[in-house]
Amino acid sequence: MPYGKGLMDGIEPQTALTITGAVAAQKNLQINGALTATNHSIRYKSHTLYTFSANFTPVISGYHLVTLVGAGGSGGVAGTSDSQVIRAASGGGAGALVSKLLYLSSSITYTVTVGAGGASVVRTTNGSTNGNAGGSTSFSGTGITTLTALGGGGGIGSITGNVAGASGGTASGGDLNLSGGGSGTTNVNTNDAAATGGGAVNYFGTAYSSGSVTGSPAGGRASTGGAGVGGASGNSITTSGGGGSGAASSSTSGGAAFTTTTTYAPSLPFVLNGVGGAGSTNSGTSASAPTAGTASGIAESSAGAGGGGYAANATAAGGAGSFFGGGGGACADQNATGGAGGTGAGGGAAAARGSNRTVTSGAGGDGLVLIQW
């Protein structure tokens, strides 16, 4: 038995077992006593990833790491040509993340419920509409604690004043219960327009929100990018890039990528190293989606980063967020479209200064359930 390499091969502890380092389970690990996992990073051999609701029957009885992410909310929208009002909209909040080590029996079928992302909202006439909340994700069955990851809140739209940001979802039942990131607020003046990006999934232990729009925007319009798992998008009076998987964005450039391939303590096989999408104020240069880096694991290579914000005097479209990253906000004199949130993340808001323009918010990302053994 090569303990020095951290391997467990068919071992059957009869008493309490405490794990303090990385453990690779090469065969079924049966524990009849209590299991305490301190900063564990168990390398599981198999997994099932659900992006839709279903039933799960384990192939073996034993300990499984079950991780849930709630769905993201969609952004709000606002639009009017009335120069005596503020047009303001905030992005959607991200869903919560919950993770727990559960003993599951192969003789029991468990219920997997995956929340749907908040649907995009659209206005083609003067006025405002709030976004839709993301759906809740849960895992339940006989003999276990029910795990629940609530979806993020929908963004707010208004043509009567500034708006608050949406809240991230909350989690319950897990060894790890992490609330999702929210969205930024607006604090601008009469005849201005502002839209904020969506919040990011809380993956590294901090819930990052999108930036806020505060002050007197250049040209009367401003937006912020979506948050990333490694940092918020910047506060702005013009536009900001999306948060990265490893750092916040403080300008129109996206936040930096995560610099190692080490995943977070819940032993999830996601490698999130996307660079945040760039923001734009140029009518001919769109805000961008996160850019790809070198990565492996379940997630796409640009994962964990938010889309860029876009503010322009013509049409504007915020960048879409990647896996767990929020969508960018969009603000324009003409039509505006917020960026969609990545899996579990909030969608970007949209605001327009013109009359009867089409303003479309970014949809929230659907939740997921990951089961490892």
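The values are calculated or read from the model by the stated rules, or taken from the named source; none is laboratory data. None of these values were measured; they are calculated from a predicted model. Cβ sites come from the backbone with ideal geometry, for glycine too, and all protein chains shown count toward neighbours.
What are the residues in segment 219-246 that are modelled with pLDDT under 75 and either more than 14 Å from residue 200 (Cβ to Cβ) or touching a Ser or Thr at 6+ places or on another chain (Cβ under 9 Å) (or both), if any?
Residues satisfying the conditions are 236, 237, 238, 239, 240, 241, 242, 243, 245, 246.
Which residue is modelled with the lowest pLDDT, if the candidates are limited to segment 163-186 and must be assigned to a strand (DSSP E or B) and of a type in the set (A, V, I, L, M)?
By that ranking, first place goes to 176.
Consider only pairs whose beta carbons are under 6 Å apart and that are at least six residues apart or on different chains; among these, list those whose first residue lies in segment 73-85 and is basic (Lys, Arg) and whose second residue is buried (at least 24 other Cβ atoms within 10 Å of the Cβ).
From segment 73-85, no pairs qualify.
Those residues that are within 19 Å of the chain's Cα centre (by Cα) and either part of a loop (DSSP other than H, G, I, E, B) or not assigned by TED's automatic domain parsing to the domain that holds residue 189 (or both), I need them from segment 314-333; list them, please.
318, 319, 320, 321, 322, 323, 324, 325, 326, 327, 328, 329
Residue check: is residue 336 at pLDDT 85 or above, more than 16 Å from the chain's Cα centre (by Cα) and crowded, with 24+ Cβ neighbours inside 10 Å?
yes
How many of the residues in segment 52-88 are within 26 Å of the chain's Cα centre (by Cα) and within 30 Å of residue 105 (Cα to Cα)?
Of the residues in segment 52-88, 13 are within 26 Å of the chain's Cα centre (by Cα) and within 30 Å of residue 105 (Cα to Cα).
Okay, residues lined up against (1) more than 30 Å from residue 316 (Cβ to Cβ); (2) surrounded by 24 or more Cβ atoms within 10 Å (Cβ to Cβ); (3) without any contact (Cβ under 8 Å) to a residue 40 or more places away in the chain; (4) not assigned by TED's automatic domain parsing to the domain that holds residue 68:
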| position | (1), (2), (3), (4) |
| --- | --- |
| 126 | no, no, no, no |
| 129 | no, no, no, no |
| 143 | yes, no, yes, no |
| 155 | no, yes, no, no |
| 159 | no, no, no, no |
| 176 | yes, no, no, no |
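What is the number of the single condition among (1) part of a loop (DSSP other than H, G, I, E, B); (2) more than 12 Å from the chain's Cα centre (by Cα); (3) aliphatic (A, V, I, L, M) that residue 194 does not meet?
(1)
Select from segment 346-362 the residues that are assigned to a loop (DSSP other than H, G, I, E, B) and over 25 Å from residue 168 (Cα atoms) and list them in ascending order.
If the condition is that a residue be assigned to a loop (DSSP other than H, G, I, E, B) and over 25 Å from residue 168 (Cα atoms), then 353, 354, 355, 356, 357, 358 are the ones that fit.
Can you list the strands (runs of 3 or more DSSP E) found entirely within segment 1-120 that contain at least 1 residues being at pLDDT 60 or above and not acidic (Asp, Glu)?
Fully inside segment 1-120 and qualifying: 41-43, 47-50, 54-56, 62-69, 77-79, 87-89, 97-104, 110-113.
Which of the residues belonging to segment 161-174 are among the small types (Gly, Ala, Ser) and buried (at least 23 other Cβ atoms within 10 Å of the Cβ)?
Result: 165, 166, 167, 168, 169, 171, 174.
Rundown of residues vs (1) in contact with a Leu (Cβ under 8 Å, 6 or more places away or on another chain); (2) under 21 Å from residue 187 (Cβ atoms), yes/no style:
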{"site": "89", "(1), (2)": "no, yes"}
{"site": "95", "(1), (2)": "yes, no"}
{"site": "98", "(1), (2)": "yes, no"}
{"site": "103", "(1), (2)": "no, no"}
{"site": "106", "(1), (2)": "no, no"}
{"site": "117", "(1), (2)": "no, no"}
{"site": "122", "(1), (2)": "no, no"}
{"site": "165", "(1), (2)": "no, yes"}
